[in-house]
Every structure is written in C-alpha cells, then in structure tokens.
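Derivation of every value follows stated rules applied to the coordinates shown; laboratory data play no part. Predicted model only: the values in this text are computed from it and were never measured. Positions of Cβ are backbone-derived with ideal geometry, glycine not excepted, and every protein chain shown enters the neighbour counts.
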Amino acid sequence: SAVISQKPSRDICQRGTSLTIQCQVDSQVTMMFWYRQQPGQSLTLIATANQGSEATYESGFVIDKFPISRPNLTFSTLTVSNMSPEDSSIYLCSVDGLRLTQYFGPGTRLTVL
Amino acid sequence: AQKVTQAQTEISVVEKEDVTLDCVYETRDTTYYLFWYKQPPSGELVFLIRRNSFDEQNEISGRYSWNFQKSTSSFNFTITASQVVDSAVYFCALTTGSARQLTFGSGTQLTVLP
C-alpha cells in the first residue's frame, strides 16, 4: 500500500479565511480522492482528482468552495475557501490502489472559529 | 444507487468478549467490492479487508473474521476476544467497477472496556 502524508495535520482558522491542504503520496497514482468527515459523521466524497484534468465534484460540492489541484501523479491540494464554522471537519485524501482498494492519509482536522 | 447500512451506532463490550459488527449493502451492479476500515481516535482510516462479489469465502485474520453472504447482502465483521485497542469507529464501504468512489456506511463506534 502507498504511504500518504497530509499537511497540516490540524489547524484552527478564522471565519472567512481559506486553508490549503496538501496530500503527498510516495508512489505515482492515477486517482486521488478528497473526503470530508463532519464531527461524528461518516465520510463524504468531495471530489475525484486525476492528473491533467479538472477534478470531478460530487453533488453538493463546488469548485469555487473547494478548488483542487493535481499537478502530478504524487501530489494534490484541496483548498477550503471562505470558511465558516460548518466547514469544521476532518479532511482526508485517499489514493486508488490494487483492486479498487483506497488507502487514506492521516487526515487534516480543521476547526473554524 | 448504492447504499451501505450499519444499523449499530454504538457497541460496548467488556474485554475478551466476542463482538460482531453488521453491514448490509445495496447495489444493482453484479461486480462490486466491499471493505472494512478502522478509524481509531487519532483519525486515520486503516484498511482492514477487501472482498469482491465473486468470492463468498469467509476470511479469518488473527482475531478478525468476516462473513460475506450475497443472499442477504451482508458483510459482517467479528472480533474474537476483543481488546481495549480494538476501540474505534469501524466503517463498512462499497465500490463498483464503474463508480470507483467508495460509499461508506455511517460507522459503528466500538468501545471495549477493560
């Protein structure tokens, strides 16, 4: 399985600001995914990021709020823009592995005041 | 549409007890994969097992075992002789070859008391 790191591991941000979360993989992968986990809830897919193309967003998530970059096969970023307290969540990236198994990064715990 | 249901929100057991976590899924695809993940308090999601729709063999890995039954659309997870370190939220998830993204159940919070 791939080794995945995320930065920052946690952050406390003010309302109205933006935060960019980085996801780094130790091997080249085709597909990367970004999930949100609100407090006490399950994981919800935000978008799928393929290198060289625009990210594909799930219903309820828009590019203006969650812009994603995928500059190469080992790296992606997710920006949470114009944050509100409702954006307080754990944000996790994952990569597509063997036989559709996804492996997850350690997550970024975001608190918006 | 795909759906994964974990009816047990919270389970509490005493150490050394056996515990089974239930998972029921819905999909119209004939080819699909089922997964279990563990999320300890630290927050990372740890992959435990994958099972494809053509393989109904049960699997045992140490104290963990999984029972996949297509007839009841269930993929249950049993921990034998539970330990305090098993305390975590456990998620069941489903993906199909076409969709690729994971559909997660709501999770079961397992607490193992000493």
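Hey, fewest Cβ within 10 Å first, where do A:Ser5, B:Ser74 land in order?
On the way: A:Ser5 13, B:Ser74 16.
So the residues, fewest neighbours to most, are A:Ser5, B:Ser74.
Give the separation of the Cα centroids, the range B:66-94 to the range A:79-113, in Å. After rounding, the separation between the Cα centres reads 24 Å. Sorted fewest first by neighbouring Cβ atoms within 10 angstrom, A:Thr30, A:Thr101 come out as A:Thr30, A:Thr101. Peptide A:95-103 has a mean of 5 when you count, residue by residue, the C-beta atoms of other protein chains within 10 Å of its C-beta. Run the numbers on chain A and let me know its relative contact order in percent, using alpha-carbon pairs under 8 Å that are six or more apart. Reported as a whole number, the value is 37 percent.
Under a Cβ-Cβ cut-off of 14 Å, what is the net charge of the residues other than B:Val112 that fall near it, where Lys and Arg count +1 and Asp and Glu count -1? Let's see the in-between values first.
Working: positive: B:Lys16, B:Lys38, B:Arg63; negative: B:Glu10, B:Glu15, B:Glu17, B:Asp18, B:Asp86.
Neighbour charge sum, excluding B:Val112 itself: -2.
Simple point charges give the picture: +1 on the Cβ of Lys and Arg, -1 on the Cβ of Asp and Glu, and for the range B:1-109 a dipole about the Cα centre of about 340 debye.
Distances between placed amide hydrogens fall under 5 Å for B:Gln8 paired with B:Asp22, all partners being 5 or more residues away or on another chain.
Relative to one another, the C-alpha centroids of the range A:5-47 and the range B:16-57 are positioned 23 Å apart.
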